[in-house]
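What follows draws every value from the coordinates through simple rules; no lab data is involved. Everything quoted here is computed from the prediction, not taken from an experiment. Glycine also receives a Cβ, built like all others from the backbone with ideal geometry; neighbour counts cover every protein chain displayed.
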Ligand code: ARG
């Protein structure tokens, strides 16, 4: 068969992407595999990269991109208070663009004609890989063979691998489908597919059961500069370290669990459980500091753009003019969001306990009901007359009955 050229495979070391190596080769491609460390626990990407080679990849890349993921992707999610449907802090959705960026880089380095992923046809991740890779290089083909291949069971994949000379260690299948990185952990499928079923305790690994959490509050102080987290308890550190430490502290206190029905891009609803202790803590803290530093009108416009941002990122539009324009708005508006937020964790809760900033626009004189009041109460009357005027006129005409 004439060679179709090189394809760069987004490889995880799991059964599907292992099976994709012989599958793509039998389809006429030379396979270059790529595996990424985005801070998933226990990732041994060098070992997995070797495995891809032994399974037939002609070259194999192990990409250590956890720092870049945290600095350039998770920190933008904090600026954006990025929560899809006001809840989900976008862990899988955030990792796909950084991985896509590197897949495209490797494709260029290798002179590849295509990129391949192992996503199914029902999920969001196919949307993200395809749109993001295409946005970075419209000339590259993006292949998702798992959507249409003939294997319907794990056994048939294992047999196919064996037929092609690849031994697959038969591991026990997890009762869930999991995706994880340093920004959190997504748990779906299995018993969770019935939304009335309680998530079993074994579904959670980053957080303890709130009831079993310590009986005292656990405090943390987070420092921000221009909307980006830069320190914990006064100690400066990079985003990756900061996220890891917060995951541990918040998780030990049972904070960060979420259970939701979410609307996928492809139109269906799915039940998802998430653990995102650091992500939810950072967004809680960042919102508190924005509340102190941003004028109300700016804050309100930002809130509506946050929804646009989260929906774009969820839907694979990280590399889009709309989402990038939102980033610019968030970065510009957050120039003065610098300061500290003190929070505590206690049995599954996270509460803001204090907030301060050199750019605080909270004015004690205006706010106080005690001595030292500088607010002009007399001005309130005329303001109310004009502020309520449109509604008053409408009521005079339409509410007569
Ligand atoms: N529903 C989430 C998302 O679309 C998580 C997907 C996680 N993938 C998985 N295989 N569990 O971002």
Expressed as a whole-number percentage, the relative contact order of the stretch 294-382 with C-alpha contacts under 8 angstrom and at least six residues apart is 19
Note: residue 47 to residue 322 extended length (0.36 nm per residue) minus current alpha-carbon separation gives 95.1 nm
Relative to the chain, whose Cα atoms define the longest principal axis, helix 389-398 and its Cα axis are tilted in degrees, nearest 10, by 90
Given a Förster distance of 56 Å, the FRET efficiency implied by the Cβ-Cβ spacing of residue 147 and residue 370, rounded to the nearest 0.05, works out to 0.30
antiparallel share of DSSP beta bridges within the stretch 96-216, to nearest 5, in %, is 60
GNM on the chain, Cα springs under 10 Å; top mean-square fluctuation among 99, 243, 178 goes to 178
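If each residue of separation counts as 0.36 nm, what is the full-extension length gain between residue 26 and residue 231 once their alpha-carbon separation is subtracted? If you can, show how the numbers build up before the last one.
Working: separation 205, 0.36 × 205 = 73.80 nm, distance 5.10 nm.
Extra length from residue 26 to residue 231 when fully extended: 68.7 nm.
Gain in length, residue 86 to residue 64, computed as 0.36 nm per residue apart minus the alpha-carbon separation, to one decimal in nm? Before the final figure, lay out the partial values.
Numbers: separation 22, 0.36 × 22 = 7.92 nm, distance 3.07 nm.
Additional length available on full extension: 4.8 nm.
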Footprinting proxy, 119, 273: sorted fewest to most Cβ within 10 Å, the residues are 273, 119
In this structure, the FRET efficiency calculated for residue 173 and residue 196 from their beta-carbon separation, with R0 = 25 Å, to the nearest 0.05, is 0.60
So the angle from the long Cα axis of helix 321-333 to the longest Cα principal axis of the chain, reported in degrees to the nearest 10, equals 40
Summing -39500 (n - 2.57) over every DSSP H run of at least 4 residues in the chain and dividing by its residue count gives a helix-only mean residue ellipticity at 222 nm, to the nearest 500 deg cm²/dmol, of -12000 deg cm²/dmol
From the Cα centre of the stretch 258-322 to that of the stretch 178-235, the distance in Å is 16
With the label point 7 Å along the Cα-to-beta-carbon line of residue 363 and a cut-off under 13 Å to each amide N, the hits in the stretch 286-304 are 295-296
Honestly the stretch 292-352 on the Cα gyration tensor test (a ≥ b ≥ c root eigenvalues; a/c under 1.5 rounded, otherwise a/b vs b/c for prolate or oblate) is just oblate
The chain: antiparallel bridges as % of DSSP beta bridges, rounded to 5, reads 65
Applying the gyration tensor rule to the Cα atoms of the chain (axes a ≥ b ≥ c; rounded if a/c under 1.5, else prolate if a/b exceeds b/c, else oblate), the class is prolate
Note to self: C-alpha centroids of the stretch 84-107 and the stretch 1-79 sit apart, in Å, by 14
To the nearest 0.05, the calculated FRET efficiency linking residue 352 and residue 212 through their beta-carbon distance, R0 being 22 Å, is 0.35
Between the modelled labels at residue 162 and residue 397 (7 Å from Cα along Cα→Cβ) the distance in nm is 8.0
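What shape does the stretch 244-348 have by the C-alpha gyration tensor, where a ≥ b ≥ c are the square roots of the eigenvalues, rounded means a/c under 1.5, and otherwise prolate means a/b greater than b/c and oblate the rest?
Values: a/c = 2.19, a/b = 1.05, b/c = 2.09.
Since a/c reaches 1.5 but b/c is at least a/b, the shape of the stretch 244-348 is classed as oblate.
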Rounded to the nearest 10 degrees, the helix 277-293 long axis (Cα) sits at an angle to the longest Cα principal axis of the chain of 30
Relative contact order of the chain (C-alpha contacts under 8 Å, at least 6 apart) in percent is 17
